[in-house]
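Here is the structure we will look at, set down as structure tokens.
The values are calculated or read from the model by the stated rules, or taken from the named source; none is laboratory data. These figures come from a predicted structure and were not determined experimentally. Neighbour counts are summed over all protein chains in view; Cβ atoms, including those assigned to glycine, are modelled from backbone coordinates with ideal geometry. With ligands, DNA and RNA removed, areas are computed over all heavy atoms of the protein, side chains included. Shrake-Rupley method; radii C 1.70, N 1.55, O 1.52, S 1.80 Å.
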Amino acid sequence: TNVSLSYPSSPGVYAPGTTLRFNVTFDAAVEVVLGPQPSAAVFLPILIAPSSPSPAPSVSPTPAPSRDTTVNETQGPTPGPIDYGEISYAQYASGSGSLVLVFEYLVLPGQDSGGTPVRLPINTTSGGFQLRLDAGARIYRRSSVPATVAYSTINASSVEEAGVILDNTKPAVNRSYGVRSLSPNGTYYAGDTILLSVGFDSIVELNPAAPLALSLDVGWRVSAFYSSGAPGKILTFTYVVAEDEQSSHLNIYGDGSQALAFSGLGGYLRKASDAPSVDADLNLRAARFSLLNTSHLKIDGRA
């Protein structure tokens, strides 16, 4: 049986909480039989270097069947050295009865591939790699009475590096963008609205359980509140000028270290993924003069 593998369809940078999906394609329809044991499962080994590995399943691999069956994972090429990196396991999720088996891997908190694409643990002796069948699991050629065990070693010639990189770094303000005005320069009076934006270096996801506020300096601290942009790299904030507020040149409040914050509990701003878990760095110190340098907004709430 010829077997090939395809990587997630959207190469790019993936954050913890993202589910990666891998397709293993056979040249004939196959059936996955997990058997009665709760721990029975089929795994696709992947290499994530130099991240911390996900724990391997604790169940011992299934003993080799008798030699009168076709090749399975225990009768494949003789084990040899594998490439550098930590082995993690994508688990079979769906596809039994078809040509394509889908495997899923949940990127764990703290995992970072250091800019290295996720790869497969190629057996350098045989030039291939093998699926892992645990606790009685089997992959059979589909038939009315499944009996032929499918060959589950994938030849290295069909394998290319995935364009998938795991990234655990915190999103932070984009220094070249910083904080900018989306409203034209000029004088703004009580009741006027000013749109401001904050740029991040990666896509962020917002949970608006509490308002996200950008603090501004009008002689005292006032707030512009998040209005749009997530998920994305540019978040938009709305500031409404109130009576008595004045500034000859509007800027963010203080040194920027506390200028972006949630005004309440429950909200978060995190690196975007299926299940966001990496909190963004809300410190705007690196962008403290960006609004001042890129715009000229005068506030006159007394006119």
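Working only within the range 204-237, note down all residues that are open to solvent by 40 Å² or more (accessible area, probe 1.4 Å), on the phi < 0 side of the Ramachandran plot and over 23 Å from the mean Cα position of the chain (by Cα).
Hits for the range 204-237 are 211, 217, 220, 221, 223, 225, 226, 227.
Kindly evaluate residue 4 against the criterion of being surrounded by fewer than 20 Cβ atoms within 10 Å (Cβ to Cβ) and at pLDDT below 55.
No, not satisfied.
If I ask for residues that are closer than 23 Å to residue 104 by Cβ and either modelled with pLDDT under 80 or out of contact with any Phe, Trp or Tyr (no Cβ under 9 Å at 6 or more places or on another chain) (or both), which ones from the range 134-146 would you list?
Result: 135, 136, 138, 140, 142.
So, restricting to strands (runs of 3 or more DSSP E) that lie completely within the range 171-261, which ones have at least 1 residues that are of a type in the set (Val, Ile, Thr) and touching a Pro at 6+ places or on another chain (Cβ under 7 Å)?
Result: 193-207.
Does residue 272 meet the test of being of a type in the set (A, V, I, L, M, F, W, C), more than 25 Å from residue 171 (Cα to Cα) and in contact (Cβ under 8 Å) with a residue 24 or more places away in the chain?
No, not satisfied.
Determine, yes or no, whether residue 266 is part of a loop (DSSP other than H, G, I, E, B), under 19 Å from residue 176 (Cα atoms) and not β-branched (Val, Ile, Thr).
Spelling it out, it is not the case that residue 266 is part of a loop (DSSP other than H, G, I, E, B), under 19 Å from residue 176 (Cα atoms) and not β-branched (Val, Ile, Thr).
Which of the residues spanning the range 268-279 are buried (at least 17 other Cβ atoms within 10 Å of the Cβ) and among the small types (Gly, Ala, Ser)?
Once the filter is applied, which keeps residues that are buried (at least 17 other Cβ atoms within 10 Å of the Cβ) and among the small types (Gly, Ala, Ser), the range 268-279 yields 272, 273, 277.
Can you report the number of residues in the range 178-188 which are open to solvent by 50 Å² or more (accessible area, probe 1.4 Å) and touching a strand residue (DSSP E or B) at 6+ places or on another chain (Cβ under 6 Å)?
Final tally of qualifying residues: 3.
Can you tell me which residue in the range 270-303 is farthest from the chain's Cα centre (by Cα), limited to those that are farther than 30 Å from residue 19 by Cα and in a strand (DSSP E or B)?
300
In the range 114-126, is there at least one residue being outside any strand (DSSP E or B) and at pLDDT 75 or above?
Scanning the range 114-126 turns up no residue that is outside any strand (DSSP E or B) and at pLDDT 75 or above.
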